[in-house]
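The structure appears right after this line, and notes come after that.
Rule-based calculations on the coordinates, nothing more; no lab input. Note that the structure is predicted; figures quoted are calculated from it, not measured. We place every Cβ from the backbone using ideal geometry, glycine too, and count neighbours over all the protein chains shown.
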Amino acid sequence: MSTRLACVVFEVTRPRIAARFWADLLGWLVTADRAGAVDVAAPDPDGPDVALSFLPAPAPKSGRNRLHLDIASRSLDHQRLQVDRALALGARRIDIGQRDVPWEVLADPEGNEFCVLEPREQYVDTGAIAAIVVGSPDPGRLARFWSQAAGWPVALDEARYTGIRSATGMGPWLEFLHSADTAAAPGRLHLDLMHFAHDDPAAEVARLRAAGAVPRPETGPPLVLADPDTNEFCLLRP
């Protein structure tokens, strides 16, 4: 029995506008536009990419998100094109204390932080999204939880950074970066899991709880849990 990583969820005040921004930036498609949610996914439905889902939020974002996306680039020229495209679509440059780094730090039209990376060998085969990055005071512990939750093995483990990735070696990384700035609320982005059709949802909840998840009271459907760092996530039905 297992669960899989289904999507990255953005809580935004204007789901259609935010979804269109990310679809245009990544070269993806709006795959569902319904009351209460807009979904964006890569053109290949059988590809390894993780989808994006945009849900309505009651108020504008405040504070910094714990989770952000890193966008891949193939060359320095491609990185500049990616940045120019993002700015033309409505992004803006922001300063989060990054100083002199080779990547560009931007915010989408809703203020959600993301990075456009310089070309790196580690991300040559990830697709448009190089990595989903989560700040944590204990990256190794959180990575081990999500490794069990998503079924992705730990592929890189260093003092301040731990990365997991699908065993196929395709698609984005899920990375956990050391950060002491996690006292505030997790922010407007979170991960959602989905159990497989043949699996027992109750058994999957029990497995996730044994790995360190904590149920949130009076939720569902979908069922909401929290990981060991209090980052909430949903367990979706297939």
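Things to note:
- Only one of GLY169, GLY135, GLY140 that is closer than 26 Å to VAL40 by Cα, surrounded by 15 or more Cβ atoms within 10 Å (Cβ to Cβ) and out of contact with any helix residue (DSSP H, G or I) (no Cβ under 8 Å at 6 or more places or on another chain): GLY135
- Qualifying residue in region 60-81 (condition: more than 30 Å from PRO139 (Cα to Cα), out of contact with any helix residue (DSSP H, G or I) (no Cβ under 8 Å at 6 or more places or on another chain) and buried (at least 16 other Cβ atoms within 10 Å of the Cβ)): no
- Flag for ALA197 being free of Cβ contacts under 8 Å to residues at least 24 places away in the same chain, part of a loop (DSSP other than H, G, I, E, B), within 24 Å of ALA41 (Cβ to Cβ) and among the small types (Gly, Ala, Ser): no
- Conditions (1) over 25 Å from TYR123 (Cα atoms); (2) surrounded by fewer than 17 Cβ atoms within 10 Å (Cβ to Cβ): number failed by GLU11: (2)
- Residues of region 92-130 that are in contact with a Gly (Cβ under 8 Å, 6 or more places away or on another chain) and β-branched (Val, Ile, Thr): THR126 alone.
- Considering region 23-45, the residues that are within 17 Å of the chain's Cα centre (by Cα) and closer than 17 Å to ALA57 by Cα include one that is surrounded by the most Cβ atoms within 10 Å (Cβ to Cβ), namely VAL38.
- Residues that are surrounded by 20 or more Cβ atoms within 10 Å (Cβ to Cβ) and either aromatic (Phe, Trp, Tyr) or in contact with a Cys (Cβ under 8 Å, 6 or more places away or on another chain) (or both), drawn from region 191-202: LEU191, ASP192, LEU193
- Check on LEU177, surrounded by fewer than 20 Cβ atoms within 10 Å (Cβ to Cβ), of a type in the set (A, V, I, L, M) and under 18 Å from LEU117 (Cα atoms): yes
- Residue-level check: of (1) touching a residue at least 12 places away in the same chain (Cβ under 8 Å); (2) in contact with a helix residue (DSSP H, G or I) (Cβ under 9 Å, 6 or more places away or on another chain), ARG20 misses just (1).
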